[in-house]
Amino acid sequence: MYTVEASHLAKSFGTVHAVTDVSFAVSKGEIFGLLGPNGAGKTTSIRTLLDIFRPDAGTVAIFGGPMTEDKKDRIGYMPEERGLYQEMELESCLVYLGTLKGLSAKEAHNRLRGYMERFDLWQHRTKKVKELSRGMTQKAQIISTVLPNPELLLVDEPFSGLDPVNTQLVNDLMLELRAAGTTIIMSTHMMHKVEELCDRMLLINQGQNVLYGRLEDIRRQFSTHAVLLKVEGEIPALDGVQMVSPHNGAMHLTLAGEMTPQGILSQLVKTGTLVEEFEIAAPTLDEIFIQVVQGQGTGGA
């Protein structure tokens, strides 16, 4: 049984087709990346999963069936538009939000201190939320979302506004939650974090599925037209090479036409070249994102 299963979702607002055909499934204990350009339909898809919006077409199953009020207490959601009470003191605000998810005030207090110390917020607990920096507010929002120990976590741009130290703290927290069995759906424009954290991903563009599956499989689809090569001496003249450029101590060969990495390796063997390194160059997720989205054009809502 999947923790989340969405099938052929569609949602419009008047004449704007925000989502036209989105399908995916997320397993327990998985970090799943939900990606797409601005206006692709990611937020609408998330809000449809959470029953904030009702789909015009398609179905959603959460924990094996339709959303219920009881199931909502098992879910943590951090929207891109942050929702802390600006006039409240930080600690009181986080405790109050924890009680809305079923925690007692005492239990919320007990859990909260460890998180606040870990994220360097304990000494700021009596400040009003509006007095916090952007990074502090981001960390507080993350704490609020994970405090009730949700089984399903949906986070929109969790690394926004964080410096490298705090980015690593959130990164480590995500991995700990996954190890504990939490299912995480993460929407972000930081492609390197998707590569680092996510097991599988869905790329949405213009309100529909574009790429869906395991990251390694997706990268393999786009990795047949370049190789990384290091040889003893000079690289000989090779047929089917469009461009050669340095890359981390090796040379990056962009292949032209129907040339394959195997064809390049065969030429090297025939010339007697001593090959020190030979690797099919896997593109970054940033490169795949740009290639696919620009190829389709951007739009949607």
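Bear in mind these aren't lab numbers, they're just calculated from the coordinates by the rules spelled out. Quick caveat: nothing in here was measured; it's all calculated off a predicted structure. A quick note on method: Cβ atoms are made from the backbone with ideal geometry, for glycine too, and the neighbour counts reach across all protein chains shown.
Specify the angular offset, from 0 to 90 degrees and rounded to the nearest 10, of the alpha carbon long axis of helix 261-270 from the longest principal axis of the alpha carbons in the chain. Tilt relative to the chain: about 30 degrees. FRET efficiency for the pair Thr68 and Asp199, taken as 1/(1 + (r/R0)^6) with r the Cβ-Cβ distance and R0 = 30 Å, rounds to 0.65.
Between amide H atoms placed 1.01 Å from N, distances below 5 Å from Gly36 occur with Ile204, all of them 5 or more places distant or on a separate chain.
When you filter the GluC sites (Glu not before Pro) in segment 1-81 for DSSP loop state and at most 11 other Cβ atoms inside 10 Å of their Cβ, you are left with Glu81. Where both bridge residues fall in the chain, DSSP classifies roughly 65% of the beta bridges as antiparallel. Available extension along the chain between Glu216 and Lys128 is 27.2 nm, counting 0.36 nm per residue and deducting the alpha carbon span.
Could you tell me the relative contact order of the chain? Use alpha-carbon pairs under 8 Å, at least six residues apart, and round to a whole percent. Worked out over the chain, it gives 23 percent. Between helix 90-100 and the chain there is an angle of about 80 degrees, using the helix long axis and the longest principal axis of the Cα atoms. Helix 164-179 and the longest principal axis of the Cα set of the chain meet at an angle near 80°.
Between Gln168 and Lys230, the FRET efficiency estimated from the beta carbon spacing at R0 = 25 angstrom works out to 0.20. Rounded to the nearest 0.05, what FRET efficiency do Gln86 and Thr284 have when you use their Cβ-Cβ distance and R0 = 45 Å? For R0 = 45 Å, the calculated efficiency reads 0.70. Can you list the aspartates and glutamates whose alpha carbon sits under 16 Å from that of Lys270, skipping same-chain ones fewer than 8 residues off? Excluding near neighbours in sequence, the set is Glu232, Glu234, Asp239. Sequence-ordered 3J(HN,Hα) estimates for segment 140-157 from the Karplus curve with 6.51, -1.76 and 1.60 and θ = phi - 60° stand at 5, 5, 5, 4, 4, 6, 8, 3, x, 6, x, 7, 10, 10, 10, 10, 10, 6 Hz, glycine and proline given as x.
The lysines within cross-link reach of Lys72, meaning a Cα-to-Cα straight distance under 17 Å and a gap of 8 or more places when in the same chain, are Lys28, Lys101. Each peptide in 38-46, 176-184 gets a packing score, the mean of other Cβ atoms within 10 Å over its residues, and the list from highest to lowest is 38-46, 176-184.
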